[in-house]
Amino acid sequence: MHQETSLDILKTGNNVFLTGSAGTGKTYVLNQYKFFLKKNNLSYAIVAPTGIAASHLGGSTIHSFFSLGIKEKISDFEIDALLQKKYLWSRYEKLNTLIIDEVSMVSPDIFEAVDKILRAFKFSNKSFGGVQIILSGDFFQLPPITSNKKSEKKYIWQTNLFEESNLKICYLEKNFRQKEGELVSVLEEIRSGNVSEESMNLLRKSYKRKIDNFRPTKLYTHNIDVDRINQEELKKIDEKSNFFEAETKGAKKNYQKIFSSSLLLEKIELKKGAVVIFIKNSTEKGFVNGTLGKIISFDEKTKNPIVEIFSGRKIIVEKMLFEIENEDGKVTASVSQIPLRLAWAITIHKSQGMSLDAAEIDLSKTFEFGQGYVAFSRLKKIEGLRLMGLNKIALEVDKKILEIDEKMRENSLDNKNEFEKKSKKEILEMAKIFVEKNNLKWKGDLDSNEFEKEKKKEEKKIKEKVFSENSTYEKTLELLKKEKTLKEISKKRNLSEDTILKHILKIKKENKNLNLDFLKPEKNILEKVKKAKKILEKKKENLDLDGNLKLKPVFQFLDEKISYDEIKISFIFL
């Protein structure tokens with residue numbers, strides 16, 4: 001199916017599964033449809049199973065958008081709890097269209113949980129509460145990582161819900177990423193489950209190929225290999241090491257869940273020149289989970305790393321807050337840490353959605369169907385491949401997917417024939433009915449000139465957005481003027497309390513007339529902290545690398561009777 005036909009099917013309000021091999025333009029079609037929705041004031045949301053995938057279309061993760069925490073299944077009791085939250089009503093009430101990208105990585109349990117939540121908020125028994133559902137992805141790519149190992153259902157198409165949703169399959173055929181026919185041929189043969197000797201010879205030629213004037217990204221199947229390579233590369237850099245330790249709150253068993261369910265490190269070593277990847281989203285700072293960059297220096301005052309991302313933007317990276325909530329939405333533990341990891345090498349799982357000029361790929365330890373296909377499909381051409389190893393499973397695909405793929409191609413062909421018989425006038429009339437059904441005024445189709453114009457406008461906005469150190473202090477200052485507490489500012493800014501405390505200390509020096517009395521602790525607390533500070537500052541072991549007094553010695557000196565929060569705030573006034 002051509003992109004234009006699939007876009008026509010989307011505009012008419014049908015539920016759609018948009019699929020096709022890597023590089024066939026699924027993201028391009030969805031971006032066009034986004035502009036159509038915007039023009040006609042249709043409310044939409046874009047979600048994906050990972051932060052990297054979500055970033056490609058400017059969306060968020062499924063877990064955050066649907067308040068799932070780290071859960072996959074959701075009970076009726078938990079849905080009742082969600083129904084009590086006002087902010088979720090404003091999020092879902094007017095939602096007309098939901099786009100789920102990289103849907104191959106969505107587990108059946110999460111797919112069904114999203115359906116249950118939307119039915120509840122929309123008071124509807126229709127699938128997804130009657131919201132237009134658009135699934136985008138390719139089941140030949142990586143399957144879901146799920147905690148439900150016993151389930152017979154591995155993919156969402158194995159659920160009754162997939163059938164009930166009456167999805168029109170749009171199978172895109174033309175490849176735009178891979179310019180060379182040889183790589184396309186290899187990928188198509190992997191998809192067919194039958195790799196020819198000719199394709200095998202192409203892969204053999206790429207074994208340990210020398211790639212001139214380019215340092216390829218290294219893709220590996222296992223974290224252990226990625227971590228080893230990253231540490232080896234870090235040791236080669238003849239620069240001073242800077243260490244960043246996580247600050248934790250709550251019971252150990254709770255905050256350990258944060259470390260185990262994310263890429264967050266308890267202690268990270270960084271150097272100038274290190275290649276890094278961000279592991280958290282920040283629209284304010286301009287990075288997402290998966291943004292790659294290089295450390296160009298460290299801030300003189302705060303010692304925070306300054307990262308230049310590959311768009312050329314420079315970002316001062318501060319500690320950010322990672323939290324875990326219980327079923328009532330109460331925070332049970334939190335960790336604040338620099339949201340970075342070393343990234344000379346990354347896992348194939350993390351590479352999904354990327355487009356690379358060259359890659360060094362080791363598939364000798366492949367353990368999952370789709371890993372070889374995903375790794376090779378990141379490349380633009382076969383000449384960019386430096387293959388380090390290959391095992392049998394690397395070129396295999398799940399036989400169940402081969403069976404369902406044939407049916408999907410047939411369904412797509414039927415849809416193509418049906419819609420290509422319709423005139424442009426008929427398509428637009430159906431699109432108009434879809435818009436007006438949602439009690440909105442039809443504002444017409446979005447032609448290609450408008451799309452390109454809007455696209456350039458959005459790109460310009462991103463380029464013009466400058467994230468400086470001053471802007472981050474100004475945002476903290478605005479919240480101080482509203483008399484927000486340290487805890488409230490930390491939550492709002494998604495930064496650690498220690499980082500906010502440093503902001504306040506700097507702001508206080510530069511704004512001597514700023515009234516911060518609303519933060520001031522009781523007089524007796526201030527006096528006790530002042531006395532402890534005076535005594536403890538004389539001993540070097542009580543100071544951090546910047547020469548500032550550590551909190552723990554003060555806490556212990558005061559017999560642990562004054563909390564860390566009260567000590568932190570006292571420091572502002574001493």
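The values are calculated or read from the model by the stated rules, or taken from the named source; none is laboratory data. This one's a predicted model, so the numbers in the text were calculated from it and none came from an experiment. Cβ atoms come from the backbone with ideal geometry, glycine included; neighbour counts cover every protein chain shown. What goes into the accessible areas is simple: the full protein's heavy atoms, side chains included, and nothing from ligands, DNA or RNA. Shrake-Rupley method; radii C 1.70, N 1.55, O 1.52, S 1.80 Å.
From the list GLU420, GLU410, which residue is free of Cβ contacts under 8 Å to residues at least 60 places away in the same chain and open to solvent by 10 Å² or more (accessible area, probe 1.4 Å)? It would help to see each step written out before you state the result.
Working: GLU420 fails: free of Cβ contacts under 8 Å to residues at least 60 places away in the same chain.
When all the criteria are applied, what remains is GLU410.
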Checklist entry - Among (1) without any contact (Cβ under 8 Å) to a residue 40 or more places away in the chain; (2) open to solvent by 20 Å² or more (accessible area, probe 1.4 Å); (3) within 24 Å of ASP299 (Cα to Cα); (4) not β-branched (Val, Ile, Thr), where does HIS503 come up short? => result (2)
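Output the helices (runs of 4 or more DSSP H) that fall wholly within the range 55-118 and possess 1 or more residues being modelled with pLDDT of 85 or more, of a type in the set (D, E, K, R) and more than 14 Å from VAL131 (Cβ to Cβ), or say none. Don't jump to the end; show me each part of the working.
On the way: elements: 62-65, 76-82, 86-92.
Ranges flagged: 76-82.
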Checklist entry - Which condition number does PRO144 fail, the rest of (1) under 17 Å from SER67 (Cα atoms); (2) open to solvent by 10 Å² or more (accessible area, probe 1.4 Å); (3) assigned to a loop (DSSP other than H, G, I, E, B) being met? => result (1)
Checklist entry - Can you name every residue in the range 214-271 that is touching an Asp or Glu at 6+ places or on another chain (Cβ under 8 Å) and loosely packed, with under 15 Cβ neighbours inside 10 Å? => result PHE214, SER241, PHE243, GLU245, GLU266, LYS267
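Under the condition of being open to solvent by 50 Å² or more (accessible area, probe 1.4 Å) and not polar (S, T, N, Q), which residue from the range 86-114 is nearest to the chain's Cα centre (by Cα)? Spell out how you get there, then give the answer.
Applying the first criterion (open to solvent by 50 Å² or more (accessible area, probe 1.4 Å)) to the range 86-114 yields 86-87, 89-91, 93-94, 112.
Restricting the remaining residues to those that are not polar (S, T, N, Q) gives 86-87, 89, 91, 93-94, 112.
Numbers: LYS86: 25, TYR87: 22, TRP89: 24, ARG91: 19, GLU93: 24, LYS94: 24, GLU112: 21 Å.
By that ranking, first place goes to ARG91.
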Next on the checklist: From the list GLU247, GLU239, exactly one residue is under 30 Å from SER496 (Cβ atoms) and either touching a Lys or Arg at 6+ places or on another chain (Cβ under 7 Å) or not charged (D, E, K, R) (or both). Which is it?
Outcome noted: GLU239
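Take the range 545-574 and flag every residue that is free of Cβ contacts under 8 Å to residues at least 40 places away in the same chain and either among the aromatic types (Phe, Trp, Tyr) or assigned to a helix (DSSP H, G or I) (or both). Outline the logic, then answer.
From the range 545-574, those free of Cβ contacts under 8 Å to residues at least 40 places away in the same chain are 547-564, 567; that's our starting set.
Selection gives LEU551, LYS552, PRO553, VAL554, PHE555, GLN556, PHE557, TYR564, ILE567.
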Item to check | Options SER297, SER377: the member that is over 17 Å from the mean Cα position of the chain (by Cα), at pLDDT 80 or above and farther than 24 Å from SER21 by Cα | outcome: SER297
Checklist entry - Does the range 372-400 hold any residues that are open to solvent by less than 10 Å² (accessible area, probe 1.4 Å), in a helix (DSSP H, G or I) and either closer than 16 Å to ILE190 by Cβ or in contact with a His (Cβ under 9 Å, 6 or more places away or on another chain) (or both), and which are they? => result GLY372, TYR373, VAL374, ALA375, PHE376, SER377, ILE382, ALA394
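Any idea which residue in the range 529-562 is farthest from the chain's Cα centre (by Cα), counting only those that are open to solvent by less than 50 Å² (accessible area, probe 1.4 Å) and modelled with pLDDT under 85? Give the derivation first.
So in the range 529-562, the residues open to solvent by less than 50 Å² (accessible area, probe 1.4 Å) come out as 529, 532-533, 536, 542-543, 547, 549, 551, 553-555, 558, 562.
Filter again for modelled with pLDDT under 85, leaving 542-543, 547, 549, 551.
Working: ASN542: 39, LEU543: 37, GLY547: 36, LEU549: 36, LEU551: 33 Å.
Looking at the filtered set, the residue picked out is ASN542.
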Checklist entry - Of all residues in the range 469-487 being charged (D, E, K, R) and open to solvent by less than 90 Å² (accessible area, probe 1.4 Å), which is nearest to VAL307 (Cα to Cα)? => result GLU469
Checklist outcome for this item: From the option list LYS71, LYS168, single residue qualifying as in contact (Cβ under 8 Å) with a residue 40 or more places away in the chain and open to solvent by 50 Å² or more (accessible area, probe 1.4 Å) is LYS71
Checklist outcome for this item: Screening ILE316, ILE306 for residues that are surrounded by fewer than 20 Cβ atoms within 10 Å (Cβ to Cβ), at pLDDT 80 or above and within 28 Å of LYS257 (Cα to Cα) leaves only ILE316
Next on the checklist: Looking at the range 147-165 only, could you name the residues that are modelled with pLDDT of 80 or more, open to solvent by 10 Å² or more (accessible area, probe 1.4 Å) and either more than 26 Å from the chain's Cα centre (by Cα) or among the polar types (S, T, N, Q) (or both)?
Outcome noted: GLN158, ASN160, GLU163, GLU164
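Please specify each residue of the range 119-135 satisfying the condition of being β-branched (Val, Ile, Thr) and either over 20 Å from the mean Cα position of the chain (by Cα) or in a helix (DSSP H, G or I) (or both). Steps first, answer last, please.
Taking the range 119-135 first, the residues β-branched (Val, Ile, Thr) are 131, 133-134.
Correct list: VAL131, ILE133.
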Next on the checklist: Out of the residues in the range 433-467 meeting the condition of being in a helix (DSSP H, G or I) and modelled with pLDDT of 85 or more, tell me which one is farthest from SER43 (Cα to Cα).
Outcome noted: ILE433
Next on the checklist: Quick test for you: out of LYS531, LYS538, pick the one residue that is farther than 25 Å from ILE507 by Cβ and part of a loop (DSSP other than H, G, I, E, B).
Outcome noted: LYS538
Item to check | Enumeration of residues in the range 1-42 that are open to solvent by 30 Å² or more (accessible area, probe 1.4 Å), outside any helix (DSSP H, G or I) and within 23 Å of VAL184 (Cβ to Cβ) | outcome: HIS2
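If you go through the range 506-528 one residue at a time, how many are over 42 Å from the mean Cα position of the chain (by Cα) and open to solvent by 40 Å² or more (accessible area, probe 1.4 Å)?
Taking the range 506-528 as the starting set, the residues that turn out to be over 42 Å from the mean Cα position of the chain (by Cα) are 522-528.
Checking the rest, the ones that are also open to solvent by 40 Å² or more (accessible area, probe 1.4 Å) come to 522-524, 527-528.
Result for the range 506-528: 5.
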Item to check | For ILE277: the one exception among (1) at pLDDT 90 or above; (2) under 20 Å from ASN304 (Cβ atoms); (3) not small (Gly, Ala, Ser); (4) not in a loop (DSSP other than H, G, I, E, B) | outcome: (1)
Checklist outcome for this item: Here the qualifying pairs (Cβ atoms under 6 Å; residues six or more apart or on different chains; first in the range 481-498 and in a loop (DSSP other than H, G, I, E, B); second of a type in the set (Phe, Trp, Tyr) and at pLDDT below 85) come out as none
Next on the checklist: Being closer than 21 Å to LYS491 by Cα and in contact with a Lys or Arg (Cβ under 7 Å, 6 or more places away or on another chain) is the requirement here; does ILE306 meet it?
Outcome noted: no
